[in-house]
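Colleague: Before anything else, here's the structure in question.
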Amino acid sequence: AAVKAGKAVYVEKPLSLAIHEGRVLADVVERYRAVLQVGSQQRSDEKFIKACELVRNGRIGELKKVRVTIYARPGNDNPWRPQAVPPELDYDMWLGQAPFSPYHKDRVHYKFRFVSDFSGGDMTNWGAHHLDIAQWALAADDSGPVEIVGRGKRNIHGIHDTFYDIAVDLKYACGVTVELRSSDNSKEVKTGGLRFEGTEGWIEVSREQLTAEPQSLLTSRIGPDEIHLAPEGGGGTHMGIWLDCVRKRNPNGLNVPAEVGHRSATICHLANIAMELDRKLQWDPVEEQFVGDDHANRLCRRAMRDPWRM
């Protein structure tokens, strides 16, 4: 509605709750030439830009594997009873399209992330950050994996039911495999990160640091005729880039437009679907549907509670 009204939009990641929603939004944004920036701010971080430029320009030789580590938490499995809705909260509006469920403090604020009616868990919370960078390094911003297999655990009791203890492998048509693993130990993984492994070296990047072997990679200069990934527009910060594009009414200056945000969120949804079904899945990133799998394709959409519509 905001896009159709001509408004500029800044959207937190992950862009969508389901794959179909993301496709619809990305198409509307394209149709209206809207200025919509997704909050995947690692694409405005010099460390991630440098890592992806080195990979894209062949500094580690042929890329073979990407290892992704995320912080994934189980929430809690505590017994619960419905609580009174706080008087300042419009709970019906807060639930939005999600099925009705009785109010409890562990459903809202930060902990909504661990409730599958509202979120994909840390798979979409942290996964949307680091898998976005994997897509960037693979030059797959308009594509995605072709095969997904995954496993994970989830609480049997309580409100929080999203996956944790995650192990997902995503294979791309180019032959590269993205291996995603998780930990619930924040001291061990901090904010997580990526390791790009090639035939001539490796690069590791996180929000804390950028390392490589050989170390000379870190001082390698990207030439004028090579691939440059830093945003061209002004503004400096990730939101500043968006504000600069708002002033100029220039969607081309965005470094995480709706299509990119949709594709990155899609990988997270694919991982959750693979864990849900507990079997290998084949994905067509052009048609954006599973190959010969009606059950899996039904999970690309979410039923919406009246009066919400897509």
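Colleague: So which residues in the stretch 126-170 are of a type in the set (A, V, I, L, M) and surrounded by 20 or more Cβ atoms within 10 Å (Cβ to Cβ)? Lay out the reasoning, then the answer.
Modeller: Taking the stretch 126-170 first, the residues of a type in the set (A, V, I, L, M) are 128, 131, 133-134, 137-140, 146, 148-149, 156, 159, 166-168, 170.
ALA128, LEU131, ILE133, ALA134, ALA137, LEU138, ALA140, ILE148, ILE159, ILE166, VAL168, LEU170 - these are the residues of the stretch 126-170 that are of a type in the set (A, V, I, L, M) and surrounded by 20 or more Cβ atoms within 10 Å (Cβ to Cβ).
Colleague: Starting from the stretch 257-268, keep only residues that are under 16 Å from GLN42 (Cα atoms) and of a type in the set (Val, Ile, Thr), then list their pairs with residues that are in a helix (DSSP H, G or I) and open to solvent by 10 Å² or more (accessible area, probe 1.4 Å) whose Cβ atoms are within a distance under 9 Å, requiring at least 6 positions of separation or different chains.
Modeller: Filtered contacts from the stretch 257-268: VAL260/TRP136.
Colleague: What tally of residues in the stretch 190-205 results from selecting those that are buried (at least 17 other Cβ atoms within 10 Å of the Cβ), among the charged types (D, E, K, R) and touching a Phe, Trp or Tyr at 6+ places or on another chain (Cβ under 9 Å)? Let's see the steps before the verdict.
Modeller: Filtering the stretch 190-205 down to residues buried (at least 17 other Cβ atoms within 10 Å of the Cβ) leaves 192-198, 201-205.
In the following step, the residues that additionally are among the charged types (D, E, K, R) were identified as 195, 197, 204.
From what is left, the residues that are touching a Phe, Trp or Tyr at 6+ places or on another chain (Cβ under 9 Å) are 195, 204.
Adding up the residues that qualify gives 2.
Colleague: What's the total number of residues in the stretch 247-267 that are in contact with a Pro (Cβ under 6 Å, 6 or more places away or on another chain) and modelled with pLDDT of 95 or more? Walk me through it before giving the result.
Modeller: Here is the first cut: in the stretch 247-267, the residues in contact with a Pro (Cβ under 6 Å, 6 or more places away or on another chain) are 255, 265.
In the following step, the residues that additionally are modelled with pLDDT of 95 or more were identified as 265.
Of the residues in that region, 1 qualify.
Colleague: So which helices (runs of 4 or more DSSP H) are wholly in the stretch 15-125 and hold at least 1 residues that are under 21 Å from ALA139 (Cβ atoms), open to solvent by less than 30 Å² (accessible area, probe 1.4 Å) and in contact with an Asp or Glu (Cβ under 9 Å, 6 or more places away or on another chain)? Before the answer, list the steps.
Modeller: Values: elements: 19-32, 46-56, 91-95, 122-125.
Filter on the stretch 15-125 gives 19-32, 46-56.
The values are calculated or read from the model by the stated rules, or taken from the named source; none is laboratory data. Every value quoted in this text rests on a predicted model; they were computed, and no experiment measured them. Ideal geometry is used to build each Cβ from the backbone, glycine not excepted, and the neighbour counts take in all protein chains shown. Note: accessible area is taken over every heavy atom of the protein model, side chains too, but ligands, DNA and RNA are not part of it. Shrake-Rupley method; radii C 1.70, N 1.55, O 1.52, S 1.80 Å.
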